[in-house]
Amino acid sequence: MGQDLLEKRVAVLGAGKMGGILLQALLKNGMFSKALTCATVQHEERAKALSAKLKISVGTDNAAAVKGADIILIGVKPQVVDEVMNEIREQITPAQLIVSVAASVPTSLIEKSLRKKIPVVRAMPNTPCSLGSGMTAVCKGKYADAGHVAITCRMFDVVGRTVVVDEKHMDAVTGLSASGPAYIYIILESLAEAGVKVGLPRDIATLLAAQTTLGSARVVLETGDHPALLKDAVTTPAGCTIDGIMELEEGKLRVTLIKAVVRATQRAKELAFTS
Ligand SMILES: NC(=O)c1ccc[n+]([C@@H]2O[C@H](COP(=O)([O-])OP(=O)(O)OC[C@H]3O[C@@H](n4cnc5c(N)ncnc54)[C@H](OP(=O)(O)O)[C@@H]3O)[C@@H](O)[C@H]2O)c1
């Protein structure tokens, strides 16, 4: 498969929250051509509204949408994937690439369901993809090659950072970076409440909390320094920060976050769809 995505015919099956975020970002960035891109949803009215909004063809017929497509992005809920595979099985050929963002759905299930040697790449993005600040992990199925992974990474690089992992790590990715925005929003909300508690107006408290989170994350990413070292640099002996840290340790923030990721990872494993 060639690498120029603008020349690819693309079908997004299930352009809901995540499928829609990816579709919009890829069209906006000129990665995909509007003329060669189509999408499906379940409800006719949503199809009409989305088509008017994105100026692309949107329908409810998955089999028609995948006919002749080069790349097929699966954005339906995990429990609907098998049903959609049944609908498109007759149309699919090994020259096409399937990219699925469905959590807990292994590439092997899609491969088995299609009953052909179809290249499948599984991706686990997160909602900050909507602003180009997403984190996506990608792994390949049995019939996908390095070229298919490269094309998928190029798609997700447009909406943030991308990392390639073995499929055995996808549940952990789900528990950490796919669920992660929810944990961070709770931390941000709590920091903003704390600001209000110590007398700051809510909007200023929220700004301080959010920009501090963003800035700290950027320092970790851009310096590559261990977070513990960076924390030490903020912590003056007998200063204010060490008192704050003592409260965090007493409140077991670290172990709570570790347990949250472990539980979400376990849940992703429990939800794993098998064929
Ligand atoms: N949300 C996240 O943070 C996130 C992160 C990583 C991965 N994911 C994965 O992304 C997938 C979608 O999640 P979501 O949160 O975006 O859900 P969602 O907003 O409910 O989107 C699902 C979409 O699928 C459409 N749909 C349902 N049945 C269909 C069918 N038979 N044929 C075609 N389209 C159909 C729905 O159509 P209507 O609009 O007409 O109802 C809707 O547009 C899931 O597999 C999830 O694991 C989500």
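Each value in this text was obtained by applying a stated rule to the coordinates, not by laboratory testing. Predicted model, so just to flag it, every value in this text is computed and none were measured. Quick reminder, even Gly has a Cβ in these numbers, built from the backbone with ideal geometry, and neighbours come from all protein chains shown.
In segment 1-159 the Cα-Cα distances spread across 10 Å bins starting at 0 as 12, 46, 38, 5 percent of all pairs.
Here the 3J(HN,Hα) profile of segment 254-259, calculated from phi with Karplus coefficients 6.51, -1.76 and 1.60 at θ = phi - 60°, is 4, 5, 5, 5, 4, 5 Hz, Gly and Pro shown as x. Among Thr136, Thr107, Thr93, a tally of other beta-carbon atoms within 10 Å of each Cβ gives an order, fewest to most, of Thr93, Thr107, Thr136.
Against the main long axis of the alpha-carbon atoms of the chain, helix 202-223 sits at an angle near 70°. Summing charges over all other residues whose Cβ lies under 15 Å from the Cβ of Gly239, with Lys and Arg as +1 and Asp and Glu as -1, gives -2.
For a straight C-alpha distance cut-off of 28 angstrom, the lysines reachable from Lys28 (same-chain residues fewer than eight places away being disregarded) are Lys8, Lys17, Lys48, Lys53, Lys55, Lys67, Lys77, Lys140. Contour minus end-to-end for Glu44 and Asp157, with contour as 0.36 nm per residue of separation and end-to-end as the Cα-Cα distance? Answer, rounded to one decimal: 37.6 nm. For segment 52-66 versus segment 209-275, the inter-centroid distance based on Cα atoms is 42 Å. Ignoring lysines fewer than eight residues from Lys231 along the same chain, the ones with Cα atoms less than 18 angstrom from its Cα are Lys252. Using bins of 5 Å that start at zero, the share of Cα-Cα pairs per bin across the chain amounts to 1, 5, 11, 15, 17, 14, 11, 8, 7, 5, 4, 2, 1, 0, in whole %.
Altogether, the Stokes-Einstein calculation at 37 °C and 0.692 mPa s, with the Kirkwood radius of segment 180-270 over Cα pairs as Rh, returns a diffusion coefficient of 220 µm²/s. Evaluated over the Cα positions of segment 66-185, the convex hull gives a direction-averaged projected area, one quarter of its surface, of 7.0 nm². Seen against the Cα atoms of the chain and their longest principal axis, helix 44-54 is set at about 70 degrees.
Which net charge results for the neighbourhood of Ala194, defined as the other residues with beta-carbon distances under 13 angstrom from its beta-carbon, given Lys and Arg at +1 and Asp and Glu at -1? Net of charged neighbours comes to -1.
The protection proxy used here, the mean number of other Cβ atoms lying within 10 Å of each residue, ranks peptides 209-220, 110-121 as follows, highest first: 110-121, 209-220. For segment 1-62, the fraction of C-alpha pairs farther apart than 13 angstrom is 57 percent.
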